Amino acid sequence: MIHGEIHQNVRQYINGRWETSATTGVSVNPSDTSEVVAEYARADRRQAEAAIRAATEAFPHWSHSTPQRRADVLDRIGAELIARKEELGLLLAREQGKTLPEAVAETARAGQVFKFFAGEALRGGAGGGGGENLASVRAGVQVDVTREPVGVAGLITPWNAPFVIPAWKIAPALAHGNSVVFKPAELVPACGWALAEIISRAGLPAGAFNLVMGSGREVGQALVDSAQVDALSFTGSAANGERVLQAAAARRAKVQLETGGKNALVVLADADLDRAVDCAVQGAYFSAGQRCTASSRLIVEAAVHDAFVAKLRQRLKTLKIGHALERGIDIGPVADEERLALDLAWVEIAREEGAEHVWGGEALERSTPGYYMSPALFLAKPSHRIAREEIFGPLACVLRADDYDQALALCNDTPFGLCAGICTNSLKHAMHFRRHAVVGMTMVNLPTAGVDFHVPFGGRKGSGYGPREQGRYAAEFYTTVKTGYMLA
Ligand code: NAD
């Protein structure tokens with residue numbers, strides 16, 4: 001695909017065939033709304049059900065494929081993503097709005113995820129080396145514990161990371177022998193299609209992988225409701241996650257949720273302030289703050305509060321906001337008109353509830369029509385809504401803490417628990433924080449956003465439910481355990 005060209009062939013992939021739908025939709029470039037990125041077929045419930053049937057029929061064959069075959073398929077997908085990272089990164093930057101370097105890096109990481117799980121198919125997967133052989137407590141009996149695929153996996157993903165989040169669900173699902181129905185977010189159909197197109201040529205049997213694009217309410221809900229979908233992995237908002245959880249529980253499907261965050265970055269008085277400002281800028285504002293791991297609460301010890309805020313304000317003034325493909329841009333547009341309106345509404349809420357405005361928060365005009373906004377910073381109180389609710393945009397607030405103990409208490413005073421960071425030169429405080437922050441991931445002297453792909457990812461409290469994603473731990477969700485007894 002080249003810049004400015006309409007994508008023509010964005011169709012569903014069901015049972016090994018590309019299918020049109022009765023209705024179509026378009027995705028537009030948030031950096032330049034005059035540019036259509038994709039015209040895509042919008043599946044209805046009937047097509048979602050056909051995809052589920054195809055996955056159900058493919059499961060017996062794929063689930064008994066050799067680990068070598070699965071490894072080869074995943075390795076091919078990963079290699080192609082990495083080889084085409086510039087071209088696919090360009091597509092991602094055009095459709096989602098993150099800067100080109102961020103988009104290329106995400107594409108490469110999606111490739112690395114597939115390659116990691118190619119290894120997992122051999123090392124730790126269902127039918128691979130993941131089992132245990134134990135002595136029984138009874139004489140003459142042998143016991144083994146093996147992992148088996150779960151069945152049909154329904155994978156529902158958000159728009160903010162349209163290659164890597166699908167990759168970290170599709171790759172382990174296939175590695176462990178499950179068949180897949182993948183539903184990407186409506187804002188990013190071309191990315192979903194590009195990924196599916198690569199997967200379609202990787203050597204899977206028909207039906208083992210299916211793509212259905214369409215609305216959450218119709219297509220997503222069809223996956224959630226279907227008795228044939230054995231495992232549901234959902235990344236998205238807390239409210240939709242709750243609906244998925246209730247429906248899955250009612251029919252006893254395996255379910256995994258990755259939902260929002262309100263992540264804190266704690267800055268102690270002994271921190272390297274330049275590093276702390278770097279961590280805050282990257283964590284809070286890069287990718288326009290549209291990351292579940294974004295640092296939206298900057299909790300700063302009183303002794304360095306004013307100096308930190310002054311330095312951060314200086315940095316925010318220098319950030320370049322513009323078209324995602326423009327060289328030297330730090331922050332692209334937000335994802336769509338609705339997001340921009342919501343982000344600007346949060347700026348109003350911050351002002352109305354008495355938070356002190358430090359910088360930004362305005363809609364910006366650029367040479368192309370797009371959803372541009374200056375990064376916003378406020379000084380808030382812990383009770384303010386901007387300090388409590390997920391915003392998912394380029395807005396962060398600073399909370400003042402008297403000391404480390406209060407900073408930790410503020411960090412944990414949230415319904416969310418995805419990740420938390422601390423900037424400090426104190427080993428004692430760093431170690432204490434790692435143990436006592438009630439989250440799934442901690443970062444010391446690093447931004448809260450930016451994680452590795454070979455270790456677990458996920459959160460606690462309102463940020464997640466079920467086993468973690470990524471790394472070896474992905475097997476917890478994508479396999480089920482069987483215990484076998486045999487008279488020796
Ligand atoms: P969203 O909940 O609106 O949509 C996520 C996906 O769910 C989309 O594919 C959507 O079509 C689908 N969906 C919507 N309603 C559904 C329903 N009733 N049944 C089944 N599927 C349905 O979220 P979004 O706006 O696309 O993404 C932003 C949210 O995602 C933020 O809250 C963010 O924190 C969260 N997120 C979390 C993580 C994480 O790993 N914790 C990562 C990225 C994004």
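The values are calculated or read from the model by the stated rules, or taken from the named source; none is laboratory data. Because the structure is a prediction, the values reported are computed rather than measured. All Cβ positions, glycine included, derive from the backbone under ideal geometry; neighbour counts span all protein chains shown. Surface accessibility is based on the protein's heavy atoms, side chains included, excluding ligands, DNA and RNA. Shrake-Rupley method; radii C 1.70, N 1.55, O 1.52, S 1.80 Å.
Annotations for the structure displayed:
- Selection within the range 147-157 - more than 16 Å from the ligand (Cβ to nearest atom) and assigned to a strand (DSSP E or B): Arg147, Glu148, Pro149
- Checking each residue in the range 179-221 for being touching a Gly at 6+ places or on another chain (Cβ under 9 Å), assigned to a helix (DSSP H, G or I) and crowded, with 24+ Cβ neighbours inside 10 Å picks out Pro189, Gly220.
- In the range 447-461, the condition of being closer than 19 Å to Ser296 by Cα and among the aliphatic types (A, V, I, L, M) is met by at least one residue.
- Residue in the range 245-254 that is crowded, with 23+ Cβ neighbours inside 10 Å, outside the structural domain of His429 (by TED's automatic domain parsing) and modelled with pLDDT of 95 or more present: yes
- Criterion violated by Asp144 - all others in (1) open to solvent by less than 10 Å² (accessible area, probe 1.4 Å); (2) farther than 25 Å from Ile82 by Cβ; (3) more than 10 Å from the ligand (Cβ to nearest atom); (4) not in a loop (DSSP other than H, G, I, E, B) satisfied: (1)
- Listed conditions (1) within 16 Å of the ligand (Cβ to nearest atom); (2) under 19 Å from Thr235 (Cα atoms); (3) open to solvent by 30 Å² or more (accessible area, probe 1.4 Å); (4) not assigned by TED's automatic domain parsing to the domain that holds Ala238 are all met by His454, apart from (1).
- Qualifying residue in the range 300-322 (condition: open to solvent by less than 60 Å² (accessible area, probe 1.4 Å) and among the hydroxyl-bearing types (Ser, Thr, Tyr)): no
- When residues in the range 430-451 are screened for being open to solvent by less than 60 Å² (accessible area, probe 1.4 Å), away from the ligand (no atom under 13 Å from the Cβ) and in contact with a Ser or Thr (Cβ under 6 Å, 6 or more places away or on another chain), 1 of them pass.
Conditions tested, residue by residue: (1) closer than 21 Å to Asp330 by Cβ; (2) more than 16 Å from the ligand (Cβ to nearest atom); (3) in contact with a helix residue (DSSP H, G or I) (Cβ under 6 Å, 6 or more places away or on another chain).
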residue	(1), (2), (3)
Gly361	yes, yes, yes
Thr368	yes, yes, no
Tyr371	yes, no, yes
Leu379	no, yes, no
Ser383	no, yes, no
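- Test for Gly241: is it near the ligand (Cβ under 9 Å from one of its atoms), crowded, with 24+ Cβ neighbours inside 10 Å and at pLDDT 95 or above: no
- The sole residue among Gly332, Gly328 that is crowded, with 21+ Cβ neighbours inside 10 Å and modelled with pLDDT of 95 or more is Gly332.
- Of the residues making up the range 341-355, those that are open to solvent by 50 Å² or more (accessible area, probe 1.4 Å), part of a helix (DSSP H, G or I) and either not assigned by TED's automatic domain parsing to the domain that holds Leu379 or not aliphatic (A, V, I, L, M) (or both) are Glu348, Arg351, Glu352.
- Residue check, Thr23 modelled with pLDDT under 95 and hydroxyl-bearing (Ser, Thr, Tyr): yes
- Subset of the range 158-168 that is assigned to a loop (DSSP other than H, G, I, E, B) and of a type outside the set (S, T, N, Q) - its residue that is farthest from Ala288 (Cα to Cα): Phe163
- When the range 468-479 is limited to residues that are more than 13 Å from the ligand (Cβ to nearest atom) and open to solvent by 10 Å² or more (accessible area, probe 1.4 Å), the one that is nearest to Ser233 (Cα to Cα) turns out to be Glu476.
- When the range 222-235 is filtered for residues that are more than 6 Å from the ligand (Cβ to nearest atom), touching a residue at least 40 places away in the same chain (Cβ under 8 Å) and either of a type outside the set (Ser, Thr, Tyr) or open to solvent by 10 Å² or more (accessible area, probe 1.4 Å) (or both), the ones remaining, listed by number, are Ala222, Leu223, Ser226, Gln228, Val229, Asp230, Ala231, Leu232, Phe234.
- Output for the range 186-203, where each listed residue is within 16 Å of the ligand (Cβ to nearest atom) and among the small types (Gly, Ala, Ser): Ala190, Gly192, Ala196
- Qualifying residue in the range 158-178 (condition: surrounded by fewer than 24 Cβ atoms within 10 Å (Cβ to Cβ), among the hydrophobic types (A, V, I, L, M, F, W, C), more than 10 Å from the ligand (Cβ to nearest atom) and more than 30 Å from Ser31 (Cα to Cα)): no
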